[in-house]
Every structure is written in structure tokens, then in C-alpha cells.
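Quick one: the structure is below, questions incoming.
The values are calculated or read from the model by the stated rules, or taken from the named source; none is laboratory data. Just so you know, these numbers come straight off a predicted model, no measurement behind them. Please note: Cβ atoms are built from the backbone with ideal geometry, for glycine as well, and neighbour counts cover all protein chains shown. In case anyone asks, the SASA skips ligands and DNA or RNA and just uses the protein heavy atoms, side chains included. Shrake-Rupley method; radii C 1.70, N 1.55, O 1.52, S 1.80 Å.
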Amino acid sequence: MRFISVAFALALSGAAHAGGVDRLKAFVIGAKTAEADFTQTVSDKSGRITQQASGKMMFARPGKFRWDYVAPYEQVIVSDGVKLWLYDADLDQVSVKALGDVVAGTPAALLAGDNAIEKYFSLKNAGESGGLEWLDATPKNRDTTFERIRMGFRGDVLVQMEMYDYFGQRTTLKLSRFSRNPLIPPSRFKFTPPQGADIIGD
């Protein structure tokens with residue numbers, strides 16, 4: 001799947017003068033659901049853009065999330081807290097996995113997981129750059145896609161995330177139209193494979 005390594009991300013709210021770590025902790029305590037539009041760009045180690053995409057994402061903590069890619073390809077990533085579905089419309093293919101540790105060490109664990117953030121990440125404030133206040137999160141488990149995750153805040157909202165993998169690639173997510181604690185129907189976190197789709201996994 002083309003965007004299987006996508007980082008799941010959300011806008012955050014926190015104390016007006018708190019650092020990035022405090023903002024994240026306040027968000028985990030206070031935000032039960034959220035949704036936002038996103039744009040995603042993947043760059044190689046030389047800085048050349050290799051992928052671009054956009055769509056809408058949402059989550060309901062703990063463990064439920066949904067990413068709908070609408071351009072340039074139609075793809076859906078859905079978790080009901082137990083299973084994870086990855087649907088590629090062009091390939092008419094669905095991959096199904098037990099959620100388990102699939103998201104450990106990813107932004108999904110930071111934002112849509114339980115309260116045990118520091119069980120999975122080392123967190124530190126990373127100062128200001130480009131008009132944003134940054135937080136660095138390093139996965140404690142090295143058996144993960146990402147080497148390092150950065151979150152950039154403007155005021156009390158997370159507007160950008162940068163994920164660095166072990167191959168030198170950087171995935172940048174920019175968020176807009178953020179809504180904190182909206183009512184999201186439980187059905188949005190269920191996925192029924194289209195009739196005739198090729199299903200891989202459980």
C-alpha cells in the first residue's frame with residue numbers, strides 16, 4: 001500500500017504557555033476525539049519530493065482512528081481499537097491486521113493511544129523554529145518505522161508533524177480545519193471490505 005507508513009496525526013490543545021511536552025500530555029488527558037484535514041508530503045534524503053497526498057483524518061481515543069485519502073489515490077486506513085484495515089481502492093485490496101503493537105512507536109500511539117505515552121516514547125521540548133514551537137518524540141522500541149517524530153505547534157494547536165525513518169525519508173503532515181472533541185459516529189471506525197475486494201490477513 002502506497003501510504004502504509006503514514007503517520008497518524010491530530011491538532012492538539014494545551015496550556016497557552018506550556019512547552020510541547022506539556023501540551024501533548026494535556027491533550028492526551030483532555031481530548032477524547034478529534035478530526036482534521038491533512039496534506040502529506042514524503043521527501044527522500046536529498047529533499048526531493050517523492051509522494052504527495054491529502055485527505056481527512058479523525059480519532060476516538062483509545063485506539064480508534066480513520067484516515068481517508070482522497071488525492072491522488074483513494075485509500076482508507078481504519079482502526080476499531082482491535083483490528084486495523086488498510087484499503088487501496090485502485091488495487092481493490094484490503095489488508096487486515098490485529099492492532100496489537102502495530103502502531104507502537106508511531107504517531108498513532110502518541111495521539112490516539114492510551115495515556116502511557118512515555119512507555120513508548122522519550123519526549124523532549126525542541127525549541128522554536130519557523131514560527132513553530134517543537135516537540136521531539138523518539139520511539140523506545142527500535143522495531144518501528146520511524147526513527148524520530150517532531151511536532152510543531154502554533155499557539156495551542158499542532159499544525160505540523162515531521163516523521164523521519166531509518167532510510168533518510170521525511171514525511172511531513174500539515175493539518176487544517178481542526179475540531180477538538182467532535183461527536184463522531186462509532187460506525188466511522190468500522191470497515192466493511194467492498195464486495196469482491198482481495199482480502200489479505202485476518
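Looking only at region 150-202, count how many residues are aromatic (F, W, Y), touching an Asp or Glu at 6+ places or on another chain (Cβ under 7 Å) and closer than 21 Å to S79 by Cα.
Looking only at that region, the number is 1.
If T138 passes every condition in (1) modelled with pLDDT of 75 or more; (2) under 14 Å from the mean Cα position of the chain (by Cα) but one, which one does it miss?
(2)
Still on this structure: Considering every residue within region 34-48, establish whether at least one is closer than 17 Å to I184 by Cα and open to solvent by less than 20 Å² (accessible area, probe 1.4 Å).
Yes, because at least one residue in region 34-48 is closer than 17 Å to I184 by Cα and open to solvent by less than 20 Å² (accessible area, probe 1.4 Å).
Here is a yes/no grid of residues against (1) closer than 20 Å to R48 by Cβ; (2) open to solvent by 50 Å² or more (accessible area, probe 1.4 Å); (3) in contact with a helix residue (DSSP H, G or I) (Cβ under 7 Å, 6 or more places away or on another chain); (4) not in a strand (DSSP E or B):
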{"residue": "L135", "(1), (2), (3), (4)": "no, no, yes, no"}
{"residue": "T138", "(1), (2), (3), (4)": "no, no, no, no"}
{"residue": "N141", "(1), (2), (3), (4)": "no, yes, yes, yes"}
{"residue": "T144", "(1), (2), (3), (4)": "no, no, no, yes"}
{"residue": "I149", "(1), (2), (3), (4)": "no, no, yes, no"}
{"residue": "F153", "(1), (2), (3), (4)": "no, no, yes, no"}
{"residue": "L158", "(1), (2), (3), (4)": "no, no, no, no"}
{"residue": "G168", "(1), (2), (3), (4)": "yes, no, no, yes"}
{"residue": "L173", "(1), (2), (3), (4)": "yes, no, no, no"}
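Just need a number here: residues in region 115-129 that are open to solvent by less than 80 Å² (accessible area, probe 1.4 Å) and either among the hydrophobic types (A, V, I, L, M, F, W, C) or not in a strand (DSSP E or B) (or both).
Residues that pass the stated criteria total 6.
Can you tell me which residue in region 92-110 is modelled with the highest pLDDT, limited to those that are part of a loop (DSSP other than H, G, I, E, B) and β-branched (V, I, T)?
The residue in question is T106.
Can you pull out every residue in region 40-53 that is in a strand (DSSP E or B) and over 13 Å from the mean Cα position of the chain (by Cα)?
Result: T41, V42, S43, I49, T50, Q51, Q52, A53.
Let me ask you something else. What number of residues within region 126-162 satisfy the criterion of being over 14 Å from G20 (Cβ atoms), among the charged types (D, E, K, R) and touching a Lys or Arg at 6+ places or on another chain (Cβ under 9 Å)?
1
Hey, can you tell me all the residues within region 49-62 that are under 28 Å from G30 (Cβ atoms) and either in contact with a strand residue (DSSP E or B) (Cβ under 6 Å, 6 or more places away or on another chain) or at pLDDT 90 or above (or both)?
Across region 49-62, the qualifying residues are S54, G55, K56, M57, M58, F59, A60.
Also, quick follow-up: Answer yes or no: is there a residue in region 113-121 that is under 18 Å from A31 (Cα atoms), at pLDDT 75 or above and of a type in the set (A, V, I, L, M).
no
Tell me which residues, restricted to region 180-196, are free of Cβ contacts under 8 Å to residues at least 60 places away in the same chain, closer than 29 Å to I29 by Cβ and either assigned to a loop (DSSP other than H, G, I, E, B) or of a type in the set (A, V, I, L, M, F, W, C) (or both).
P185
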